[in-house]
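Peer 1: Encoded as structure tokens, here's the structure I'll be asking about.
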Amino acid sequence: MTTPTPLTPPPGARAYPLRTARGDFAVVDCPVPDGVERRGVVVLLPGFTGSKEDFTLLHEPLTARGYRTVAVDGRGQYESDGPADDESAYAQGELARDVLAQAAALDAPVHLVGHSFGGQVARAAALLDHSSFRSLTLVASGPARISVSQEQRVKLLRDALAGMTMPEVWEAILAMGPPEEVGGPARGLGGLEQLRRRWLGNKPAQLAAAGRQLCAEPDRVAELAAVPLPFHVLSGEKDVTWPVPVLDEMAQRLRARRTVVPGAEHSPNIERPLPTAEALADFWDGLAKRD
């Protein structure tokens, strides 16, 4: 398997604006190679301060297993447009409807995967219309609000966004040190200049709205458990945003498949992409055998 250049789509992938009933969304779309049985379409939603590039290392192993992968920048995230100052455009319900439109544009139903904040958006979409999805996988994404330590980082970021420009906030974040997922640039592929370019592509209102949601998300696990979908909860063996025992309990409440990826923390899709891809594909293959 080849190793993609940081932030560069892997061989065969195409970066383009996906046209939907709710506007265009920047995607990286990786088709199944010739000669491989096509098993389904996967939509991948990144986390807070992340982007579609966070899934770069998953495309090739998943397409080799027969799954077309489409990684999406959400509204106002990196290369997808959105208002700079209007937080109402980024309400969770609006983002969930965006996901439904993306699934429809890709001939739903699709397998839906959400990382961290993207998992909360994915959950909201499944609660709106589960018929758009074949399954839901939550990657390092917990049942409710984030941990207290991470809330503090998010609040610092929101305060900074209220009084500083995006370049100024970037410099302030670097002075604090790069946190894992919230309160600053998410861990990603590539060097600081590439991460800076991604950071500056985000709309301030999107970051502020997402931060508020992360700090206030209610526990909707019981509601989700009533949805007739197969669930998968995947994480690393350590996580400070939602501690692993919290994710274990959520998986039990959802009667979900549970995967813990050794050697990974909050971003197994980046830190341990091959075992992460294997666990995802094994889950989906198992559903096909069950049907």
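Peer 1: If you check LEU62 against the conditions, is it surrounded by 22 or more Cβ atoms within 10 Å (Cβ to Cβ), under 19 Å from ALA281 (Cα atoms) and either among the β-branched types (Val, Ile, Thr) or at pLDDT 95 or above (or both)?
Peer 2: For LEU62, the condition - surrounded by 22 or more Cβ atoms within 10 Å (Cβ to Cβ), under 19 Å from ALA281 (Cα atoms) and either among the β-branched types (Val, Ile, Thr) or at pLDDT 95 or above (or both) - is met.
Peer 1: Here's another thing I want to ask about it. Restricting attention to the range 115-134, and to residues there that are polar (S, T, N, Q) and surrounded by fewer than 24 Cβ atoms within 10 Å (Cβ to Cβ), which single residue is nearest to VAL41 (Cα to Cα)?
Peer 2: Here the answer is SER132.
Peer 1: Please list, ordered by residue number, the helices (runs of 4 or more DSSP H) wholly in the range 56-173 having 1 or more residues that are closer than 30 Å to GLY35 by Cα and touching a helix residue (DSSP H, G or I) at 6+ places or on another chain (Cβ under 9 Å).
Peer 2: 56-64, 92-105
Peer 1: May I ask you to verify whether SER135 is touching a Phe, Trp or Tyr at 6+ places or on another chain (Cβ under 8 Å), at pLDDT below 95 and polar (S, T, N, Q)?
Peer 2: no
Peer 1: Something else: Which of the residues that make up the range 8-31 are acidic (Asp, Glu) and surrounded by 18 or more Cβ atoms within 10 Å (Cβ to Cβ)?
Peer 2: If the condition is that a residue be acidic (Asp, Glu) and surrounded by 18 or more Cβ atoms within 10 Å (Cβ to Cβ), then ASP29 is the only one that fits.
Peer 1: So for the range 44-53 (the condition being out of contact with any Asp or Glu (no Cβ under 8 Å at 6 or more places or on another chain) and surrounded by fewer than 24 Cβ atoms within 10 Å (Cβ to Cβ)), does at least one residue qualify?
Peer 2: No, the range 44-53 has no match at all.
Peer 1: Looking only at helices (runs of 4 or more DSSP H) that fall completely inside the range 195-291, which ones have 3 or more residues that are touching a Phe, Trp or Tyr at 6+ places or on another chain (Cβ under 7 Å) and either of a type in the set (A, V, I, L, M, F, W, C) or in contact (Cβ under 8 Å) with a residue 60 or more places away in the chain (or both)?
Peer 2: Because the criterion is at least 3 residues that are touching a Phe, Trp or Tyr at 6+ places or on another chain (Cβ under 7 Å) and either of a type in the set (A, V, I, L, M, F, W, C) or in contact (Cβ under 8 Å) with a residue 60 or more places away in the chain (or both), the helices (runs of 4 or more DSSP H) in the range 195-291 that meet it are 204-216.
Peer 1: Shifting gears a bit: Can you run down the residue pairs with Cβ atoms below 7 Å, 6 or more apart or on separate chains, where the first is in the range 70-96 and closer than 15 Å to ALA122 by Cα and the partner is acidic (Asp, Glu)?
Peer 2: VAL70/ASP29; ASP73/GLU79; GLY74/ASP98; ARG75/ASP98
Peer 1: I'd like the residue in the range 26-67 that is in contact with a strand residue (DSSP E or B) (Cβ under 8 Å, 6 or more places away or on another chain) and of a type in the set (Val, Ile, Thr) and, out of all such residues, is nearest to SER267 (Cα to Cα).
Peer 2: THR56
Peer 1: Taking the range 250-270 as the region of interest, how many residues are surrounded by fewer than 18 Cβ atoms within 10 Å (Cβ to Cβ), farther than 19 Å from TRP284 by Cα and of a type in the set (D, E, K, R)?
Peer 2: 1
Peer 1: Could I ask something else about it? Can you give me the number of residues within the range 34-56 that are touching a Leu at 6+ places or on another chain (Cβ under 8 Å) and basic (Lys, Arg)?
Peer 2: Of the residues in that region, 1 qualify.
Peer 1: Confirm whether GLU237 is modelled with pLDDT of 95 or more and either under 22 Å from GLU87 (Cβ atoms) or in contact with a helix residue (DSSP H, G or I) (Cβ under 9 Å, 6 or more places away or on another chain) (or both).
Peer 2: Criteria met by GLU237.
Peer 1: Further question: State yes or no: is ARG19 in a loop (DSSP other than H, G, I, E, B), touching a strand residue (DSSP E or B) at 6+ places or on another chain (Cβ under 9 Å), more than 18 Å from ALA122 (Cα to Cα) and basic (Lys, Arg)?
Peer 2: It is false that ARG19 is in a loop (DSSP other than H, G, I, E, B), touching a strand residue (DSSP E or B) at 6+ places or on another chain (Cβ under 9 Å), more than 18 Å from ALA122 (Cα to Cα) and basic (Lys, Arg).
Peer 1: Hey, another quick one. Of everything in the range 84-99 that's closer than 19 Å to PRO218 by Cα and aliphatic (A, V, I, L, M), which residue is surrounded by the most Cβ atoms within 10 Å (Cβ to Cβ)?
Peer 2: By that ranking, first place goes to LEU95.
Peer 1: Taking VAL244 as the residue in question, decide whether it is of a type outside the set (Ser, Thr, Tyr) and touching a Pro at 6+ places or on another chain (Cβ under 8 Å).
Peer 2: No, not satisfied.
Peer 1: Among the candidates LEU157, LEU136, LEU106, LEU58, single out the residue that is in contact (Cβ under 8 Å) with a residue 40 or more places away in the chain, of a type in the set (A, V, I, L, M, F, W, C) and under 26 Å from ARG253 (Cβ atoms).
Peer 2: Residue meeting the stated conditions: LEU136.
The values are calculated or read from the model by the stated rules, or taken from the named source; none is laboratory data. Note that this is a predicted model, so its numbers are computed, not measured. When we count neighbours, we look across all protein chains shown, and the Cβ atoms used for this are built from the backbone with ideal geometry, even at glycine.
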